[in-house]
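Questions regarding the structure given below will be posed in turn.
Laboratory data are not the source of any read-out in this text; all were calculated from the coordinates shown. Owing to the predicted nature of the structure, the values given are computational and were not obtained by experimental measurement. Here the Cβ is made from the backbone with ideal geometry for all residues, glycine too, and neighbour counts use every protein chain on show.
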Amino acid sequence: MRPTGVRAVAADDCDALGLITVAASFKTFLGQIPEAQLDLTWTPGDSAQGWRRSLAELATSDLFDVYDDAELGVIGFVWAGPSDRVPGAGEIRGLYVLPTQQGRGIGRRLLAHAAGQLHDRSLDAVVVGCIRENPSCAFYRHLGGVESFTEPSTVDEFETEEVFFVWSDITKLI
């Protein structure tokens with residue numbers, strides 16, 4: 001039996017990444033964004049294929065780790081690297097947990113792990129963007145993220161804004 005916990009992403013994780021990305025996105029946005037503006041044809045297979053194309057590049061330039069459950073397999077992931085928006089900060093580019101596994105502290109563990117890795121790279125702060133309609137904004141506020149700025153964004157055909165939360169002291173997340 002393999003151990004449960006955070007580990008580096010592997011090439012054979014792409015099917016799990018596809019499932020997590022699509023399931024979490026649909027759970028997040030259905031009911032928040034008009035269905036007519038969402039691409040409901042997007043499948044876990046489509047997403048997995050995208051991950052296969054880009055994973056090797058992402059894993060060498062950024063941090064990309066998964067949460068691997070001994071019984072369930074990969075059920076979450078975090079992707080992070082230096083921020084282009086906030087000098088001296090790390091940026092969480094993606095934090096996803098399979099909807100059936102949310103509420104178990106996995107997102108918090110992945111975020112803490114990424115913050116520790118970014119801190120080891122001499123980054124002092126963390127920034128994460130979240131579409132305003134995403135209920136995860138409450139998660140970031142709960143963890144002490146300060147809503148600092150917004151940028152225009154789109155989800156499929158829906159125009160919205162992305163809210164950026166900043167932790168000026170990265171050690172508060174570790």
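Being of a type in the set (Ser, Thr, Tyr), over 15 Å from the mean Cα position of the chain (by Cα) and more than 18 Å from ARG7 (Cα to Cα) is the filter here, so list the residues in the range 27-75 that pass it.
Once the filter is applied, which keeps residues that are of a type in the set (Ser, Thr, Tyr), over 15 Å from the mean Cα position of the chain (by Cα) and more than 18 Å from ARG7 (Cα to Cα), the range 27-75 yields THR41, THR43, SER54.
Restricting the range 144-170 to residues that are in contact with a helix residue (DSSP H, G or I) (Cβ under 7 Å, 6 or more places away or on another chain) and not in a strand (DSSP E or B), which is farthest from ASP124 (Cα to Cα)?
GLU157
Identify the single condition in (1) of a type outside the set (A, V, I, L, M, F, W, C); (2) on the phi > 0 side of the Ramachandran plot; (3) surrounded by fewer than 13 Cβ atoms within 10 Å (Cβ to Cβ) that GLU157 does not satisfy, given that it satisfies every other one.
All conditions are met except number (2).
Run PHE165 past the list (1) crowded, with 17+ Cβ neighbours inside 10 Å; (2) hydrophobic (A, V, I, L, M, F, W, C); (3) farther than 30 Å from THR4 by Cβ and report the number of the one that doesn't hold.
Exception for PHE165: condition (3).
Restricting attention to the range 74-99, which residues are in contact (Cβ under 8 Å) with a residue 60 or more places away in the chain and either in a loop (DSSP other than H, G, I, E, B) or hydroxyl-bearing (Ser, Thr, Tyr) (or both)?
Passing the criteria: ARG85, VAL86, TYR96, LEU98.
Let me ask something else about it. One residue is enough: does the range 116-126 have a residue meeting the conditions in contact (Cβ under 8 Å) with a residue 60 or more places away in the chain and of a type outside the set (S, T, N, Q)?
No, the conditions are met nowhere in the range 116-126.
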